[in-house]
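Visitor: Have a look at this one.
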C-alpha cells in the first residue's frame, strides 16, 4: 500500500484504521490482535486513537491485544489525541464536556495513553478539537517536553480552522504534521472554507474522519442521489461497493487525504484497501461532487 | 485612458472590453474589426476572452476579425482563460460541465486559443474557476512551460478565494498578476470576504466581471432603490446614464479595479470610457453602498 | 492592577474606562474630574474615546475636566478613534453616516481631538471601523506624520477583520498595537471567525467593547439561561454580581483581552476592578460558553 511521508522519519499508510468504536465490536483480546494483524497484512500500519474513545476505554482494549504480541509495535504507527474532557465515571462530578489544552492536562493525558496502549511512545499526538481557551505557548511547552522525553514523536491537530492551526503553529519549534478533518463526498465544507487549501499549501497531508459520513451514505433518504451516483460510477470503474468509490473520491484529491476506516469487519477494511487501486476520472469525480451538492459547478 | 501596470512590461487599459457575448452580436468579420478599432481609438486596448465563451466560438470570431488587420495585435493585450470543460458538441459524450486544471488540459487549451485568436502569444492567461481538484504543482509546471515557450506572458486567476489564490501562488516562481472577480454595486460580497483586501495587500489589480450585474441593474424590481440612487448621483456628477455611475463607483476604489465592458454597442462602451472622467465623492460612494445594502454603515 | 504591555514604552491598565456615554451622565466638570480620579485610584489609567462619541462632544467634556487638574495627563493613557463621519450639526448638509480614512480627515480629526481633550498627544489612535474605501498607503502617510509630529504615539484598529487588519499593517513601518472588538459572553463571533486568533498569533492584545452586551445581559429575556449561569458561577467564585463574572470570563482568555467599562457609576467600575481578582476554572468558563451558545462543545 502507498505510504504518505509526514516527516523524514515518519510515514502513514494511505488507509488508516480508526479505533473509535473498538469497544462496540465486543472482541476478545485474541480477536483484537487478529484484527490488528489482518490490518498489518493489508498494509494498514497506522492506527487512530483518542484518549476519550469508548469513554476512555479503547486505548486500553488495543493495548491489551498488543500485549499479546508486543513485537508488532515497531511495525505500526499509533496516533492518539488529547484536549477533551468528557463527563462520566472517568471524571466524577464534572458537569459538562469541555476542552482542556493546559500543559498539565496534555502531559497527564499522554502518560495515561502510553500506559493504556502499553507502549513507550506515540507516533503522532493530535489536539482533538480547537480549544477557544488554548494558550499556544503552554501547548508548545507541553509538546516540546513530550518530544524531548521521547514520549511523542510528532504533533498535529484535528478539526482546526486555518486561523487556529496557524496560531498554534506560530509558537512551535517544529511543524505540525497533519490536520484530521471530517471529509467525505457528503461533507464538503472543508474543501470550500480554506482548511484543505491551507494544508495543501503547507504540504501537510490530511486525515479524513467519517469518510463514509458515519454510515449515512448507505441509508439516509436525502443522500439517495449521491448513493445512486456512487453506484453508477462504481460499476464503471469496477468497484464492488459504494464505500470503495467514496474512498477513491477522497484519494483522488491532490492534497493527499488519508481516509480513516472505522470498521471492525475485515470485509469493510478490505474495501478501503481495494479503493487504493481504483482510478476515478476527473469527470467521475465531478459527477459525484454534483450529486452531493445537487447542482452543477458554476 | 489611464493604464494599470501589472508588471514592468505589461499594462492594461483601465476599461477592458469583454467578448463573452461576441457570438450573440451577429457581426460580420468587418464589423467585428470595426468594433475592435473603435475600442482601440477609445483607449481600450485590453480584450477579455475565455476558451469556452460562446460555446468555444468567440475566440475564433475575434481571430477572424484580427486576421483582416494583423498589425493591430501589437496594439492590444489579450486575456484568455482555461480550466472549464463544457458539455456540447465540442466534447461529445461528456456528461456534465466540470473543471480541469491538469497540465495536459491547460497546454491543449492554450494551443487552441492561440490558433483561434490567430496570435502567437497570450498576454495573460487566467484559471477560470477554482478547481477543487487543482494540483498546484501541475498548474505551475504548465505555466512555466507556457512562459518559457513565449506562448503566455503572464498568469492570473478568476473567482478564486484568498486561500485558493494563495495555494496556487505558493508553487509559482512568478507572481499572479490579477484576480477577475464579480464586483459591482450590486455584488458586494468580495469587498467583505477578504478577496479584495488580499489583492489590495499584494498590490495586485483586480478585474471586475458583470460590473453592471449582467444588466440586472437596469431592470430588476428589487434593485430600484439602487437604480434611483445611481440616477440621483449621476445627475449630481454629470453622468449621462447609470452605467457610468456604476463604473465610476468601481473606479473610485483604491484597489485598482478594472471593469470589463461586455457590450457590442459602441455607445455602451463610450459610457464606460466617460466614467473614467467622473469623480464620485466619498459621500456619494457610500450613498450607493447604502442603497445597495439597504442599510447604513455601522 | 495588572498592566498590559503594548509596546516597550506603552502599557494599558487591564480594565479600561470607556467614555462613550459621558454626555449622558450629566456630570459637572468637577464631578467628571472626580470620576477620572477615582478610576486612577482604582488603577484604571486608560481611557477610551472616539471623536464621534456623544455626537462629537465627549472628548470636550473630558478635556474640560482634565483642565481642572492637567497634571493627571501624565498618569493616564488616552485612546481615541477616527474614520467615521456622522450626520448632524457637526456636518451640516451631510446626507448619511459614512467612513472617511483619507489622510486629510485623519489629520483634521486628530487635531480636533487634541484640542477637545486639552492634550498635546494621543497615546493610541484607532481606525474606528473598516472603511471599504480605505487607501492603506494614505492611512500610512497620515500615521507616520502623526507619529513624527508626536501627536500620536501608537496606532490600532477597531472592528477590523483579519484581512482588513493585514491590509493596513502591510503598509505601516510599525506594528498596530491593538484591535478593539465586540467581545463578551453574549457576542462570541470574533472568537470563531479568526479575529481573536490572528491577534493572539501576533501577540497583539485586544480591547473588548460592550463586554456586558450593552446591558442586554441584565435584562433580555432570551439571555436568561446565560444570566442564570453567570449568577450560579458568580456564587461559586465569590462574585458580587454577574458583570464581575462576565468580565472575568473575558480576562481568563489567554489572548489578553482588556474589557472596556462604559459606566459612569463608580460601583459598576469597582465591579470590573474586582473581577481581576476572580479566577474562573476551565469548567466554569465552558459552562458559561455553553449557556451562551445553548449547546455543548462538539
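The values are calculated or read from the model by the stated rules, or taken from the named source; none is laboratory data. Every value quoted in this text rests on a predicted model; they were computed, and no experiment measured them. Using ideal geometry, Cβ is built from the backbone for each residue, glycine included, and neighbour counts are taken over all protein chains shown.
Visitor: Just one of B:266, B:237, B:242, B:257 is over 30 Å from residue C:163 (Cα atoms) and buried (at least 20 other Cβ atoms within 10 Å of the Cβ); which is it?
Guide: None of the others qualify; the one that does is B:242.
Visitor: Identify, from the list B:177, B:152, B:157, the residue that is at pLDDT 95 or above, more than 14 Å from chain A (Cβ to nearest Cβ), within 16 Å of residue B:255 (Cβ to Cβ) and buried (at least 19 other Cβ atoms within 10 Å of the Cβ).
Guide: Values: B:152 fails: within 16 Å of residue B:255 (Cβ to Cβ); B:157 fails: more than 14 Å from chain A (Cβ to nearest Cβ).
That would be B:177, the only listed residue that is at pLDDT 95 or above, more than 14 Å from chain A (Cβ to nearest Cβ), within 16 Å of residue B:255 (Cβ to Cβ) and buried (at least 19 other Cβ atoms within 10 Å of the Cβ).
Visitor: Now for a different question. Working only within the stretch C:138-149, note down all residues that are farther than 18 Å from residue C:8 by Cα and either out of contact with any strand residue (DSSP E or B) (no Cβ under 8 Å at 6 or more places or on another chain) or surrounded by fewer than 19 Cβ atoms within 10 Å (Cβ to Cβ) (or both). So that I can check it myself, show each step before the final result.
Guide: Residues of the stretch C:138-149 that are farther than 18 Å from residue C:8 by Cα, as a first pass: C:138-146, C:149.
Matches in the stretch C:138-149: C:138, C:140, C:141, C:142, C:144, C:145, C:149.
Visitor: Can you confirm whether the stretch C:92-102 contains a residue that is surrounded by 17 or more Cβ atoms within 10 Å (Cβ to Cβ), more than 22 Å from the chain's Cα centre (by Cα) and within 21 Å of residue C:169 (Cβ to Cβ)?
Guide: Quick first cut of the stretch C:92-102, residues surrounded by 17 or more Cβ atoms within 10 Å (Cβ to Cβ) only: C:97-102.
If we keep only those that are more than 22 Å from the chain's Cα centre (by Cα) as well, we get C:102.
Now drop any that are not within 21 Å of residue C:169 (Cβ to Cβ), which leaves C:102.
Yes, the conditions are met somewhere in the stretch C:92-102.
Visitor: Could I ask something else about it? What is the one condition in (1) more than 14 Å from chain C (Cβ to nearest Cβ); (2) assigned to a helix (DSSP H, G or I); (3) in contact (Cβ under 8 Å) with a residue 12 or more places away in the chain that residue B:234 does not satisfy?
Guide: Just one mismatch for residue B:234, condition (3).
Visitor: Follow-up question, since we're still on this one. With a cut-off of at least 3 residues that are more than 9 Å from every other protein chain (Cβ to nearest Cβ) and under 18 Å from the mean Cα position of the chain (by Cα), name the helices (runs of 4 or more DSSP H) lying wholly within the stretch A:241-298.
Guide: Working: elements: A:242-251, A:266-275, A:282-293.
Result: A:242-251, A:266-275.
Visitor: Any idea which of (1) closer than 21 Å to residue A:3 by Cβ; (2) touching a strand residue (DSSP E or B) at 6+ places or on another chain (Cβ under 6 Å) is the one residue A:200 doesn't satisfy?
Guide: Here residue A:200 clears every test but (2).
Visitor: Right, here's the next one. Just give me the residues in the stretch B:214-231 being in contact (Cβ under 8 Å) with a residue 24 or more places away in the chain and surrounded by fewer than 20 Cβ atoms within 10 Å (Cβ to Cβ), in sequence order.
Guide: Applying the first criterion (in contact (Cβ under 8 Å) with a residue 24 or more places away in the chain) to the stretch B:214-231 yields B:216-218, B:223, B:225-226, B:228-230.
Within the stretch B:214-231, B:216, B:218, B:223, B:225, B:228 meet the criteria.
Visitor: To continue, here is another question. Test each condition in (1) more than 20 Å from the chain's Cα centre (by Cα); (2) within 13 Å of another protein chain (Cβ to nearest Cβ); (3) within 21 Å of residue A:131 (Cα to Cα) for residue C:226 and report the one that comes out false.
Guide: Result: residue C:226 passes all but (2).
Visitor: Applying the selection to the stretch C:249-298, what residues are out of contact with any strand residue (DSSP E or B) (no Cβ under 9 Å at 6 or more places or on another chain), in contact (Cβ under 8 Å) with a residue 60 or more places away in the chain and over 27 Å from residue C:34 (Cβ atoms)?
Guide: Residues satisfying the conditions are C:249, C:288, C:291, C:292, C:293, C:294.
Visitor: May I pose another question? With surrounded by fewer than 18 Cβ atoms within 10 Å (Cβ to Cβ) and touching a residue at least 24 places away in the same chain (Cβ under 8 Å) as the only criterion, which of A:51, A:9, A:34 stands out?
Guide: Selected residue: A:9, the only one of A:51, A:9, A:34 that is surrounded by fewer than 18 Cβ atoms within 10 Å (Cβ to Cβ) and touching a residue at least 24 places away in the same chain (Cβ under 8 Å).
Visitor: Tell me, which residue of the stretch B:99-116 that is assigned to a helix (DSSP H, G or I) and within 11 Å of another protein chain (Cβ to nearest Cβ) is nearest to residue B:85 (Cα to Cα)?
Guide: If we filter the stretch B:99-116 for residues that are assigned to a helix (DSSP H, G or I), which is where we start, we get B:103-116.
This time we only want the ones that are within 11 Å of another protein chain (Cβ to nearest Cβ), so: B:104-105.
Values: B:104: 13, B:105: 9 Å.
Restricting to residues being assigned to a helix (DSSP H, G or I) and within 11 Å of another protein chain (Cβ to nearest Cβ), the top hit is B:105.
Visitor: Name every residue in the stretch A:160-174 that is more than 8 Å from every other protein chain (Cβ to nearest Cβ) and either without any contact (Cβ under 8 Å) to a residue 40 or more places away in the chain or surrounded by fewer than 19 Cβ atoms within 10 Å (Cβ to Cβ) (or both), in order of residue number. Full working, then the answer.
Guide: Just the residues of the stretch A:160-174 that are more than 8 Å from every other protein chain (Cβ to nearest Cβ), to begin with: A:160, A:165, A:168-169, A:171-174.
Hits for the stretch A:160-174 are A:160, A:165, A:169, A:171, A:172, A:173, A:174.
Visitor: Could you look through the stretch A:196-213, keep only residues that are touching a helix residue (DSSP H, G or I) at 6+ places or on another chain (Cβ under 6 Å) and under 19 Å from residue A:268 (Cβ atoms), and pick out the one that is surrounded by the most Cβ atoms within 10 Å (Cβ to Cβ)? Outline the logic, then answer.
Guide: Our first condition is that a residue be touching a helix residue (DSSP H, G or I) at 6+ places or on another chain (Cβ under 6 Å); within the stretch A:196-213, this holds for A:196-198, A:200-201, A:206, A:208, A:211-212.
Now narrow it down to the ones that are under 19 Å from residue A:268 (Cβ atoms): A:208, A:211-212.
Working: A:208: 23, A:211: 31, A:212: 23.
Looking at the filtered set, the residue picked out is A:211.
Visitor: Moving on. Of the residues A:188, A:212, only one is at pLDDT 95 or above and either more than 14 Å from chain B (Cβ to nearest Cβ) or closer than 26 Å to residue A:115 by Cβ (or both); which? Steps first, please.
Guide: Working: A:188 fails: either more than 14 Å from chain B (Cβ to nearest Cβ) or closer than 26 Å to residue A:115 by Cβ (or both).
Of the residues listed, the single one that is at pLDDT 95 or above and either more than 14 Å from chain B (Cβ to nearest Cβ) or closer than 26 Å to residue A:115 by Cβ (or both) is A:212.
Visitor: Next question. When you look at residue A:128, is it in contact (Cβ under 8 Å) with a residue 60 or more places away in the chain, closer than 9 Å to residue A:83 by Cα and within 13 Å of chain C (Cβ to nearest Cβ), yes or no? Write out each step before concluding.
Guide: Numbers: in contact (Cβ under 8 Å) with a residue 60 or more places away in the chain: yes; closer than 9 Å to residue A:83 by Cα: yes; within 13 Å of chain C (Cβ to nearest Cβ): yes.
Considered against the rule, which asks whether it is in contact (Cβ under 8 Å) with a residue 60 or more places away in the chain, closer than 9 Å to residue A:83 by Cα and within 13 Å of chain C (Cβ to nearest Cβ), residue A:128 comes out as yes.
Visitor: Taking the condition in contact with a strand residue (DSSP E or B) (Cβ under 9 Å, 6 or more places away or on another chain), in contact (Cβ under 8 Å) with a residue 60 or more places away in the chain and either within 14 Å of chain C (Cβ to nearest Cβ) or buried (at least 22 other Cβ atoms within 10 Å of the Cβ) (or both), does residue A:79 pass?
Guide: Numbers: in contact with a strand residue (DSSP E or B) (Cβ under 9 Å, 6 or more places away or on another chain): yes; in contact (Cβ under 8 Å) with a residue 60 or more places away in the chain: yes; either within 14 Å of chain C (Cβ to nearest Cβ) or buried (at least 22 other Cβ atoms within 10 Å of the Cβ) (or both): yes.
Considered against the rule, which asks whether it is in contact with a strand residue (DSSP E or B) (Cβ under 9 Å, 6 or more places away or on another chain), in contact (Cβ under 8 Å) with a residue 60 or more places away in the chain and either within 14 Å of chain C (Cβ to nearest Cβ) or buried (at least 22 other Cβ atoms within 10 Å of the Cβ) (or both), residue A:79 comes out as yes.
Visitor: Now for a different question. Of all residues in the stretch B:176-203, how many are closer than 25 Å to residue B:145 by Cβ and free of Cβ contacts under 8 Å to residues at least 60 places away in the same chain? Give the steps one after another, and end with the answer.
Guide: Just the residues of the stretch B:176-203 that are closer than 25 Å to residue B:145 by Cβ, to begin with: B:176-180, B:202.
Now restrict to residues that are free of Cβ contacts under 8 Å to residues at least 60 places away in the same chain: B:176, B:179, B:202.
Qualifying residue count, the stretch B:176-203: 3.
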